[in-house]
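What follows is a set of notes on a single structure, which appears directly below.
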Amino acid sequence: NYKVFPEPAVDPYTILIYNEEDLLRWAWLANHAEETYNAKFMADVTLPALVIAEDVDKYYFTDTTITVSNGVPSGSNWPVISDYETSYNAATGAYEYYGGKVDGNNQTLSGLRINQDLGASGFICWTKGASVENLTFNDAAVYNKGGYIGETYTGIVIGRCWNGSYISNVHITNSSVIGKHEVGALAGRVYH
C-alpha cells in the first residue's frame with residue numbers, strides 16, 4: 001500500500017537553468033517580457049563564446065573565442081539586462097528595472113564575459129527590488145567603459161542595486177571587474 005503524491009506545481013515565471021541555453025532564455029525573458037521572470041539554477045553553467053543579437057527579439061551564442069587581457073575581455077558572452085538606457089517604457093513614462101529573483105541553488109556560473117559601454121553593467125545591470133542568492137561566479141571578467149549618463153556603476157553581479165534589491169550568499173572566485181566610476185565585486189552601487 002503506497003500513496004502517490006502529485007508533482008509540485010511549477011511556477012510558470014521561474015525558468016529552471018540546466019545549461020547555457022536555459023540561462024540565455026531567462027535573460028531574454030528578463031529583458032523583454034512584460035512579466036517578471038525568475039531564474040533557478042539546477043546545475044553549474046559555463047558560458048561559451050560570444051552572445052550576438054540576431055534581431056531585437058533573439059540572442060544566440062557564436063563560436064568566437066573571447067580573450068581576456070589585463071582583466072578586460074575582448075567581447076561579451078552575456079546580453080544587457082535592465083540597463084538605464086534600455087529600461088525606459090515610453091508607454092508608462094517610467095524606468096522598469098529587473099525586479100525578480102535569481103536563485104543560484106548553490107551552483108556556479110563560470111566564464112561570464114562582459115565588455116560594455118553603459119551606465120550600469122554586470123550580470124544584471126540595474127535592479128529594483130530584485131534578489132540574487134546562493135550563487136558562485138567563477139572566472140568572470142566584467143569591464144565597463146562608461147555610459148553617456150555621466151555616472152557608471154559596474155559590478156560582477158549587479159551594476160546598480162537599488163530600492164530593496166539584495167545580494168545574499170553570493171561568492172566570486174578567480175574574477176576581475178573594471179569600471180569608470182563606482183565599481184565593486186558584487187555591485188557597483190547599492191542604495192535605497
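Remarks
- Options Gly104, Gly179, Thr92, ranked by Cα towards positive dipole end of the chain, top entry (Cβ charges): Gly179
- The local environment of Val72, defined by Cβ-Cβ distances under 12 Å, has a net charge of +2 under the rule Lys, Arg +1 and Asp, Glu -1.
- Region 70-192: C-alpha pair distances exceeding 23 Å, %: 22
- Rounded if a/c under 1.5, otherwise prolate or oblate - region 133-186, Cα gyration tensor axes: oblate
- Element breakdown for region 25-113 at a 1.4 angstrom probe: carbon and sulfur atoms account for 45% of the accessible area.
- Here the chain is assigned +1 on the Cβ of each Lys and Arg and -1 on the Cβ of each Asp and Glu. Its dipole about the Cα centre then comes out at about 500 debye.
- Net +/- balance of residues flanking Asn38 in space, Cβ distance below 14 Å, scoring K and R +1, D and E -1: -2
- For the chain, a Gaussian network of Cα nodes joined below 10 Å ranks Thr108, Thr127, Thr173 by mean-square fluctuation, and the top entry is Thr173.
- Note on the chain: with a GNM built from Cα contacts shorter than 10 Å, the maximum mean-square fluctuation among Trp78, Trp162, Trp126 falls on Trp162.
- Packing rank of 92-99, 165-172, where each peptide gets the mean count of other beta carbons within 10 Å, highest leading: 165-172, 92-99
- Calculated accessible area for the chain comes out at 50 Å² per residue, all protein chains present (probe 1.4 Å; ligands, DNA, RNA ignored).
- Helical content of the chain, expressed as a calculated mean residue ellipticity at 222 nm, amounts to -2000 deg cm²/dmol (DSSP H runs of 4 or more residues, -39,500 (n - 2.57) each, divided by residue number, nearest 500).
- Mean Cβ neighbour count within 10 Å, used as a protection proxy, ranking 109-122, 36-49, 59-72 highest first: 109-122, 36-49, 59-72
- Annotation note: GluC sites (Glu not before Pro) in region 24-68 located in DSSP loop regions with a Cβ neighbour count of at most 12 within 10 Å are Glu34, Glu35.
- Percent RCO, i.e. relative contact order, over region 53-188, from Cα pairs under 8 Å lying at least 6 residues apart: 23
- Cα gyration tensor shape of region 24-121, rounded if a/c is under 1.5, else prolate or oblate by comparing a/b with b/c: oblate
- Pairwise Lys count, the chain - Cα closer than 20 Å, eight or more residues apart or different chains: 4
- Within the chain, percent of DSSP bridges classed antiparallel, to nearest 5: 15
The values are calculated or read from the model by the stated rules, or taken from the named source; none is laboratory data. Computed from a predicted structure; not experimentally measured. Don't worry about glycine lacking a Cβ; one is built from the backbone with ideal geometry, like all the others, and counts go over all protein chains shown. Only protein heavy atoms, including side chains, enter the accessible area calculation; ligands, DNA and RNA are left aside. Shrake-Rupley method; radii C 1.70, N 1.55, O 1.52, S 1.80 Å.
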